[in-house]
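Colleague: Below are the structure tokens for one structure; questions will follow.
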């Protein structure tokens, strides 16, 4: 669960968020929609610890600023960047390997995850 309390974020003296509050409950699916430039990506970047902010973001009751970014990404958070790219001239398999690079999984489990991912997008391998 994420709790955002009194979040303020400013770019060049323009407030994108001004004492913004929001709670994401565990087990629910949310859609963040809005016009271009309305702060959707900024919101997710703050939750992912990629942008600074004023206020408090708590994850499962812990203040986000107290959680190490490395362990947070490896254990709890997956993030797909808005502008991502595949490594050109590499196979699908090699590109999928990159997404699993830092995960402490057996080769067999990594292979199973890659096959599951391909099945989700209807790509046979």
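The values are calculated or read from the model by the stated rules, or taken from the named source; none is laboratory data. This one's a predicted model, so the numbers in the text were calculated from it and none came from an experiment. Here the Cβ positions follow ideal geometry from the backbone for every residue, glycine too, while neighbour counts run over all protein chains shown.
Colleague: Does the range 62-83 contain any residue that is outside any helix (DSSP H, G or I) and modelled with pLDDT of 85 or more?
Modeller: So far as the range 62-83 goes, yes, one or more of its residues are outside any helix (DSSP H, G or I) and modelled with pLDDT of 85 or more.
Colleague: Here's something else I'd like to know. Could you list, in sequence order, the residues of the range 105-125 that are touching a residue at least 24 places away in the same chain (Cβ under 8 Å) and in a loop (DSSP other than H, G, I, E, B)?
Modeller: 123, 125
Colleague: Tell me yes or no: at least one residue of the range 50-61 is at positive phi and exposed (fewer than 13 other Cβ atoms within 10 Å of the Cβ).
Modeller: Yes, because at least one residue in the range 50-61 is at positive phi and exposed (fewer than 13 other Cβ atoms within 10 Å of the Cβ).
Colleague: Residues 15, 9, 19: which one is part of a strand (DSSP E or B) and exposed (fewer than 12 other Cβ atoms within 10 Å of the Cβ)?
Modeller: Unique residue meeting the criteria: 19.
Yes/no per residue for (1) modelled with pLDDT under 95; (2) out of contact with any helix residue (DSSP H, G or I) (no Cβ under 7 Å at 6 or more places or on another chain):
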| residue | (1), (2) |
| --- | --- |
| 2 | yes, no |
| 28 | yes, yes |
| 39 | yes, yes |
| 44 | yes, yes |
| 55 | no, yes |
